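The values are calculated or read from the model by the stated rules, or taken from the named source; none is laboratory data. Treat the numbers as computed from the prediction; the structure is a model and nothing was measured. Glycine also receives a Cβ, built like all others from the backbone with ideal geometry; neighbour counts cover every protein chain displayed.
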Amino acid sequence: MEPGLYQFLENASPYLIGWSFLFTLITTVRIVFKVRRGVLQLPDNAILTELAGLPLAVLLSVSFVRAVLAADWISILLFLWWGPGFVATLVTLLIARLRRRRIDWHPVRYLISYLCKLNYLAFMVVFFRFAMPGMIFAFSVWIINDQYEKAFMSLDADRTRRTFHDFWLPRLLYPAGLLVPYFYPRMSYRWFDLLYGTVLLVLWVSGLAYIRKKGRFFALPRDPTLLRNMIYFPRLRVQGAPAAESPQPVVQAGLPGESSGPGGDRHDERAHVG
């Protein structure tokens, strides 16, 4: 593997973190307005969701091209899914929307699930190996900011709820990555990252407590056509999505799938997977 390919991402990580911070501020303002209006739950804003993860997707696509030029085959495979894979999926979604058709993700749900889960883990291994904490932190703030938004805006525990159903414990790396600045004193803008990561972690946990208080922690999503709802496809197709305050067994075959980014009734079918 060519370290320079990943150093390019690490050098860009402060900008990715700053971009996520901007969307954390936007989410906080939206939550304040929601509370002041006395609204309990709002639908997700697909545009804001996609914009939050767009710079990361662009950088990974650029890195794929750089890997091809460097003939680094391992890196080509690593960047393939969230690089050209993102672009291909986005084009597919746009075509489907123009034709006013919904895509049936059910037949490929396990393939997408494994690609998303394993791709994230592979990135974390590479970033840890090359001592690149900025990118580990950038991934975590992107993902947890999305979860913070879903908790307060949509009353959806999302990835946390899914962990009780599919037991994919590597999701613990998402919040754990927010603590990276505590262990890497040489990070760029470390004190900003340390403060941002700590506050975002508190906001996310507060969101989960808020959902629990509202009795919605284990409420299942309602739309069986979105990638984010993969692990619930069999149940949603057969009996809808009942809202229950205790975890229910999900009818599955093999390891359940999941997906989307960043990533309930939501339109970001690709960006927040895992």
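A few notes on this one:
- The single residue among Asp193, Asp158 that is at pLDDT 95 or above, surrounded by 21 or more Cβ atoms within 10 Å (Cβ to Cβ) and of a type in the set (Asp, Glu) turns out to be Asp193.
- From the options Leu93, Leu121, residue that is farther than 22 Å from Ser188 by Cβ and surrounded by fewer than 16 Cβ atoms within 10 Å (Cβ to Cβ): Leu121
- Residue pairs meeting the criteria (Cβ under 6 Å; at least 6 apart or on separate chains; first more than 17 Å from Val58 (Cβ to Cβ), in the stretch 76-104; second of a type in the set (A, V, I, L, M, F, W, C) and buried (at least 18 other Cβ atoms within 10 Å of the Cβ)): Ile76/Ala67
- Filter result (β-branched (Val, Ile, Thr) and either within 17 Å of the chain's Cα centre (by Cα) or at pLDDT 90 or above (or both)) within the stretch 216-251: Ile231
- Matching residues, the stretch 47-72, being more than 15 Å from Phe86 (Cβ to Cβ) and either at pLDDT below 85 or charged (D, E, K, R) (or both): Ile47, Leu48, Arg66, Asp72
- The C-beta contact set for the stretch 203-215 (first residue over 15 Å from Leu40 (Cβ atoms) and modelled with pLDDT of 95 or more, second residue β-branched (Val, Ile, Thr) and assigned to a helix (DSSP H, G or I), distance under 7 angstrom, 6+ apart or interchain) comprises Trp204/Ile144; Leu208/Thr160.
- Scanning the stretch 34-72 for residues that are surrounded by 16 or more Cβ atoms within 10 Å (Cβ to Cβ) and charged (D, E, K, R) turns up Asp44, Glu50, Arg66, Asp72.
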